[in-house]
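Here the structure is laid out as structure tokens; the discussion comes afterwards.
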């Protein structure tokens, strides 16, 4: 059994905001993404709204809303081989089969298959659609997770170098009094089936939220998931982590990796090809 090495990267706000910001000379001009409805307003999806194939093909998910009424119009995928010329957007398959679909998150496997994880209000839970690199639909609306208590989620999807998909999420809403808990599930057969979801956080009546891990370079035997964990009713947070050394089959109890009276929040984790764990937080 190996002992994981954790590298902590702390970004100080005072340093961040004192720096001069600008556009580097290697960046090209901004390119507007195409719209399915040319009269609509367009916005991105927070976190994991981009995936890139081994050939460099870029996939981005967008959301369109009516520019006048603000009503939701749909979730879409577009792609480009050069970042300049973009394909006409297509609706994300499967999201039309459920009620209240939202929050699509993208991941790419080593065979250049694209996965979209999304949530739904009815039937309540998490679902996945799988595409080939030309956006041919391979499977859609596969159930990944189910509702336990609350009908709200924040999700994340990543794929390791062996092709195992790792889905993590919190169920609940720490901003509305719906105590959130962290869950995990995985697929080893290209998204066709998923392991029973397991709760990683402690059921202590306080919110555990926004779990993260990036596994693209990792071989998959070590999985480490970090999240922010409430330590008081006024939303002071610490960063907690749970670790699996057998590819997500069994898990450690959650333990603090960053703990202080201050706000410690929004961690992200990268596991490299040497099984080193890199943690970023603020």
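The values are calculated or read from the model by the stated rules, or taken from the named source; none is laboratory data. Worth saying up front: this structure is predicted, and the values here are computed from it rather than measured. With ideal geometry, Cβ positions are generated from the backbone for all residues, glycine too; neighbour counts draw on all protein chains shown.
Considering every residue within segment 60-80, establish whether at least one is modelled with pLDDT of 95 or more, in contact with a strand residue (DSSP E or B) (Cβ under 8 Å, 6 or more places away or on another chain), surrounded by 18 or more Cβ atoms within 10 Å (Cβ to Cβ) and outside any strand (DSSP E or B).
Taking every residue of segment 60-80 in turn, none turns out to be modelled with pLDDT of 95 or more, in contact with a strand residue (DSSP E or B) (Cβ under 8 Å, 6 or more places away or on another chain), surrounded by 18 or more Cβ atoms within 10 Å (Cβ to Cβ) and outside any strand (DSSP E or B).
Quick grid of which residues meet (1) in contact (Cβ under 8 Å) with a residue 40 or more places away in the chain; (2) more than 18 Å from residue 163 (Cα to Cα); (3) not in a loop (DSSP other than H, G, I, E, B):
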| residue | (1), (2), (3) |
| --- | --- |
| 224 | yes, no, yes |
| 256 | no, yes, yes |
| 262 | no, yes, no |
| 280 | yes, yes, yes |
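What's the number of the condition residue 35 fails, among (1) in a strand (DSSP E or B); (2) buried (at least 17 other Cβ atoms within 10 Å of the Cβ); (3) free of Cβ contacts under 8 Å to residues at least 60 places away in the same chain?
(1)
What residue, of 229, 273, 246, is in contact with a strand residue (DSSP E or B) (Cβ under 7 Å, 6 or more places away or on another chain) and either part of a loop (DSSP other than H, G, I, E, B) or closer than 28 Å to residue 175 by Cα (or both)?
Values: 273 fails: in contact with a strand residue (DSSP E or B) (Cβ under 7 Å, 6 or more places away or on another chain); 246 fails: in contact with a strand residue (DSSP E or B) (Cβ under 7 Å, 6 or more places away or on another chain).
Selected residue: 229, the only one of 229, 273, 246 that is in contact with a strand residue (DSSP E or B) (Cβ under 7 Å, 6 or more places away or on another chain) and either part of a loop (DSSP other than H, G, I, E, B) or closer than 28 Å to residue 175 by Cα (or both).
Do you know which of the residues in segment 239-250 that are touching a residue at least 12 places away in the same chain (Cβ under 8 Å) and over 20 Å from the mean Cα position of the chain (by Cα) is farthest from residue 162 (Cα to Cα)?
245
Of (1) touching a residue at least 40 places away in the same chain (Cβ under 8 Å); (2) under 18 Å from the mean Cα position of the chain (by Cα); (3) closer than 23 Å to residue 163 by Cα; (4) surrounded by 18 or more Cβ atoms within 10 Å (Cβ to Cβ), residue 110 satisfies all except one. Which?
(4)
With 140, 160 as the choices, which residue is modelled with pLDDT of 95 or more and either in contact with a helix residue (DSSP H, G or I) (Cβ under 8 Å, 6 or more places away or on another chain) or surrounded by fewer than 16 Cβ atoms within 10 Å (Cβ to Cβ) (or both)? Spell out how you get there, then give the answer.
Values: 160 fails: either in contact with a helix residue (DSSP H, G or I) (Cβ under 8 Å, 6 or more places away or on another chain) or surrounded by fewer than 16 Cβ atoms within 10 Å (Cβ to Cβ) (or both).
That would be 140, the only listed residue that is modelled with pLDDT of 95 or more and either in contact with a helix residue (DSSP H, G or I) (Cβ under 8 Å, 6 or more places away or on another chain) or surrounded by fewer than 16 Cβ atoms within 10 Å (Cβ to Cβ) (or both).
Among the residues of segment 241-282, how many are at pLDDT 95 or above, more than 19 Å from residue 48 (Cα to Cα) and crowded, with 17+ Cβ neighbours inside 10 Å?
Matching residues across segment 241-282 total 11.
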